[in-house]
Amino acid sequence: MRNSLRILTAVALMMVMATAMLLGGCSGSTSSSTTPADTSSTPAASTNQSTFKIGLTQFATHPAADSGRQGFVDALKAAGFVEGQNVTYDYQNPESDSAMGNTIAKKFVDEKVDIIFSFGTGVSQAAVNATKGTSIPVLFCGVTDPVNAGLIKDFNHVDENVTGTSDMIEISSDLDLIKQMVPDLKKLGTLYNASEQNSIVLNDKLKAAAEPLGITVVEKTVASSADVQMAAQSLVGQVDAVWIGTDNTVVSGLSALIKVTQDNKIPFFPSDSPSVQAGGIACLGFDYYDIGYQTGEMAVKILKGTPATQVPAELGKKFSYTVNTKSAEIYGVTIPQEILDRATTKYNE
């Protein structure tokens with residue numbers, strides 16, 4: 001009888017201990033689920049997809065393209081798409097090699113990226129061609145005339161999975177700026193790549209705007225950045241100043257152009273802020289970081305569920321004066337005080 005009582009007592013104790021262990025385990029699971037959430041200052045993106053992969057490409061290494069790409073990434077980060085958390089980037093640069101640009105675009109398609117960001121006309125054309133028949137949106141940036149370049153039919157681009165920002169500049173304002181510093185301007189030199197559709201459009205606009213002002217445009221074409229020095233040299237003694245548009249080939253060989261114009265005291269006026277910083281005198285144009293950021297804001301809409309077909313293409317929104325007072329001194333021209341006062345970016349280097 002005593003043995004039976006001992007056995008029953010032992011069984012009861014074992015049951016009590018097992019119950020306590022079970023309750024303790026449940027209690028531990030509850031506490032682990034109450035770990036505080038990350039309180040990072042970057043807002044979380046509201047999407048149904050956990051991670052996105054974005055392909056980034058640009059025509060070549062250049063300050064304008066680099067700034068545009070950084071602006072794009074920063075716009076996504078501000079909206080909660082943070083690299084390493086919910087977005088990854090695959091950055092590929094063909095360095096002005098069109099065949100490589102096509103290869104990169106196909107690589108992005110094979111990897112099934114969620115969006116392709118392309119800075120420049122050639123790489124954007126490659127991306128659009130590679131994504132035909134797929135659902136991958138292309139966001140172009142730094143493309144002067146996306147319609148003539150064949151990227152979109154119009155800025156509303158209904159039924160086209162392509163959108164982005166244009167950096168079309170106000171050429172008449174550029175000519176007015178130049179004449180304020182070169183008042184006796186009669187012949188204006190320019191360089192461009194005749195195989196780049198955007199450059200052809202700008203060159204035609206330049207001649208149309210110059211004619212009423214009695215200015216003759218002396219144009220030289222280049223096929224690669226290696227041709228820039230020789231083309232620039234051929235303008236020496238033929239022109240009163242040199243202007244270039246947003247031609248990717250020419251800006252890739254910008255240092256050679258600046259050297260020729262500075263050595264021969266031919267005032268040089270580019271169309272973008274980085275080229276002014278590199279040695280141009282002044283421009284009324286875009287900060288490409290802003291254009292990249294603007295494109296990034298469009299990408300955010302797409303990542304959050306708006307079809308690219310419903311995101312119209314846009315013109316760059318922010319024009320501003322950029323001046324380089326050191327360059328003006330080298331070229332022997334005076335930047336009017338009014339322009340200096342209105343300039344949002346001033347370089348003295």
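Odds and ends about this structure:
- Condition met for Leu284 (at pLDDT below 95 and in contact with a Leu (Cβ under 6 Å, 6 or more places away or on another chain)): yes
- Matching residues, segment 171-195, being under 24 Å from Val123 (Cα atoms) and either in contact with a Ser or Thr (Cβ under 8 Å, 6 or more places away or on another chain) or assigned by TED's automatic domain parsing to the domain that holds Pro307 (or both): Leu191, Tyr192, Asn193, Ala194
- Residue list for segment 179-228, restricted to those being polar (S, T, N, Q) and within 12 Å of Val239 (Cα to Cα): Thr190, Thr216
- Of the set (1) surrounded by fewer than 20 Cβ atoms within 10 Å (Cβ to Cβ); (2) under 25 Å from Gln125 (Cβ atoms); (3) touching a Ser or Thr at 6+ places or on another chain (Cβ under 7 Å); (4) not polar (S, T, N, Q), all apply to Asp204 but (3).
- Applying the condition of being among the hydrophobic types (A, V, I, L, M, F, W, C) and surrounded by fewer than 21 Cβ atoms within 10 Å (Cβ to Cβ) to segment 157-170 and asking which residue is modelled with the highest pLDDT yields Met168.
- Checked against (1) under 18 Å from the mean Cα position of the chain (by Cα); (2) farther than 29 Å from Val162 by Cβ, Glu297 passes all but a single condition, namely (2).
- If you go through segment 312-332 and keep only what is of a type in the set (Val, Ile, Thr) and surrounded by fewer than 21 Cβ atoms within 10 Å (Cβ to Cβ), you end up with Thr325, Ile330.
- Of the residues making up segment 112-135, those that are touching a Pro at 6+ places or on another chain (Cβ under 9 Å) and outside any helix (DSSP H, G or I) are Asp114, Ile115, Ile116, Thr131.
- For Leu76, the conditions (1) without any contact (Cβ under 8 Å) to a residue 60 or more places away in the chain; (2) surrounded by 15 or more Cβ atoms within 10 Å (Cβ to Cβ); (3) within 30 Å of Tyr321 (Cβ to Cβ) are fulfilled apart from (1).
- There is at least one residue in segment 196-208 that is at pLDDT 95 or above, more than 24 Å from Leu151 (Cα to Cα) and in the same structural domain as Gly245 (by TED's automatic domain parsing).
- Of the residues making up segment 185-197, none is in contact with a strand residue (DSSP E or B) (Cβ under 8 Å, 6 or more places away or on another chain), in a helix (DSSP H, G or I) and buried (at least 24 other Cβ atoms within 10 Å of the Cβ).
- Annotation for segment 93-110: at least one member residue is under 23 Å from Gln310 (Cβ atoms) and not in a loop (DSSP other than H, G, I, E, B).
- Residue within segment 299-320 that is β-branched (Val, Ile, Thr), touching a Cys at 6+ places or on another chain (Cβ under 8 Å) and not assigned by TED's automatic domain parsing to the domain that holds Val260 present: no
- Any hit, segment 238-248, residues being more than 23 Å from Thr344 (Cα to Cα) and at pLDDT below 95: yes
The values are calculated or read from the model by the stated rules, or taken from the named source; none is laboratory data. Values in this document were obtained by computation on a predicted structure and should not be read as measured data. Backbone-built Cβ (ideal geometry, glycine too); neighbour counts: all protein chains shown.
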